[in-house]
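Notes to accompany the following structure.
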Amino acid sequence: MTAQPQIIRIVIADDHPILREGLRRLLEDEGGFQVVGQAADGAEAVRLGHELRPDVLLLDLAMPRVSGLEALRELASTPAAPRVLVLTVAIDDAQVVEALEMGARGVVLKEAATELLFKAIRTVVAGQYWVGRDTVSDIVRHLRERTAAAARRRLSPADRLTPREREIVAAVAGGESNRDVAKRLALAEGTVKHHISNVFDKLGVSNRAELAAYAASHGLAEALPTRKPAADQ
C-alpha cells in the first residue's frame, strides 16, 4: 500500500478574521493541510504555538498587543517551536533579515499566488528556507552589512582613533602641551583641544595622565615625526 502523505498542521495568526477564514478554506481545499488553530494577536500566536505544536505557524507581523516580531522572538527561545512562515502585506529587506535572524523560516507576501504559499509551507516543513528569488541577493547584502557592522562594534577603542588622533595621543604621552602639539603639527590650539576631547570620549579616559597610561599600555606612545605635516583642511 502507498503511504498516505503527512498532513501538515498549521496555525494562522492574523488580526483579520476574514483573512484567517479565507486562508483556512484555501489550505484545506488544497489537501494535505489542516488548520488546527487561529490567533488574532501575537500573544495568542505564542500560546497556540506552545499548546498545539503545529508544523507551521503562518504569522502576520502587524498585530495588536504583541507584534509578530515579538511573538517570533518569544517562540524562538522555546524548545520545539513551530516553523514560522511570515505572512505580510509588505516587508523590506532589512526586516526580512531581522525575521530570519529571529527564527523565521521564510517570508510570503499576502499578494502572492496561493500556489506559492503552498510551496513555501511545504518547503519550510522540509527543513528549508523560503525567500523570494528576487530578494535573495539583497538579503545577502544586508547580512554582510550587518556582519560588518557587528565587526566594527567589536573594535577596540584604540582602533577607532583617526591617524591625526593617534599623532596627538603620542604627543600627549610624550609630555607635550596643547600649545606644543599645535605648533609642531601646524594646528590651531583649539583644534588640538577638540581632538583631545574626542580621544577622551573614544578611549574612556578623563585626563592627560590616564591618556598617557593608556597610550603606553596599548602601543600608542610611539615616536613622533620630526617634520611638520601640512595643516588639516
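None of the figures in this text is laboratory data; all of them are computed from the coordinates on show. None of the values given here were measured: they were computed from a predicted structure. Cβ: placed from backbone, ideal geometry, glycine included. Neighbour counts: every protein chain shown.
As a length-normalised measure over Cα pairs under 8 Å and 6 or more apart, the relative contact order of region 73-131 settles at 35 percent. Spin-label pair residue 78-residue 201: with each label point 7 Å from Cα along the Cα-Cβ axis, the two points sit 4.4 nm from one another. From most to least packed by mean Cβ count within 10 Å, the peptides 158-170, 65-77, 197-209 give 65-77, 158-170, 197-209. Rg and Dmax over the alpha-carbon atoms of region 157-217 stand at 10.3, 29 Å.
Straight-line cross-link reach from residue 183 at under 20 Å between alpha-carbon atoms covers these aspartates and glutamates, not counting any fewer than eight positions away in the same chain: 165, 167, 222, 232. Label zone (residue 36, point 7 Å along Cα-to-C-beta; backbone nitrogen cut-off 17 Å) within region 116-130: 121-122, 124-127. Select from 63, 107, 18 the residue farthest towards the positive end of the dipole of region 8-151; place +1 on Cβ of Lys and Arg, -1 on Cβ of Asp and Glu, and compute about the Cα centre. About the Cα centre, the residue reaching furthest to the positive side is 107. Each label was represented as a point 7 Å from its Cα along the Cα-to-Cβ direction; for residue 52 and residue 189 these points are 7.5 nm apart. Among residues other than residue 73 with Cβ under 14 Å from its Cβ, the summed charge is -4 (Lys and Arg +1, Asp and Glu -1).
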